[in-house]
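Let me begin by presenting the structure, written as structure tokens, before commenting on it.
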Amino acid sequence: MCVPDLPDSLEELRPTPGPIIAAREEHAQGIVDLRNRIARWLQGRGIDQWREGEFDPKDVAQEIRRGEWSVIESPEDPTEVLASVQVLWEDLRIWGKQDEPRATCTGWRWTVRCVAPEPARR
């Protein structure tokens, strides 16, 4: 079973299990859910960088269709996104129009702890 592991510091982060794959449209809500969990975690620590609800699953689905997203999905539930990365060649929302082309890579990761089920006792 994989459960969220809320680290208090970067030193506590552990690798997220699973291969990185191209996101599918059914990952859109999972990507948004991941972003919202991280936003709540940041806000709970007084960091006002991201806010819950800033991303819409419909917009993320369009970005997935354009090939912008990759994810690591939960081995238990493929619609649950454990980590995601978006690669853009232009990010008008953040940087505006630029004279020179540039790539932007944004990664979101939620640390999880995977635990094997306890064996049945005899």
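For this structure, a couple of remarks:
- Among Ser84, Ser70, a tally of other beta-carbon atoms within 10 Å of each Cβ gives an order, fewest to most, of Ser70, Ser84.
- For Leu82, the residues 5 or more places off, or on other chains, whose built amide H falls under 5 Å of its own are Ile72, Glu73, Ser74.
Laboratory data are not the source of any read-out in this text; all were calculated from the coordinates shown. Being a predicted model, the structure only gives us computed values, none of them experimental. Glycine also receives a Cβ, built like all others from the backbone with ideal geometry; neighbour counts cover every protein chain displayed.
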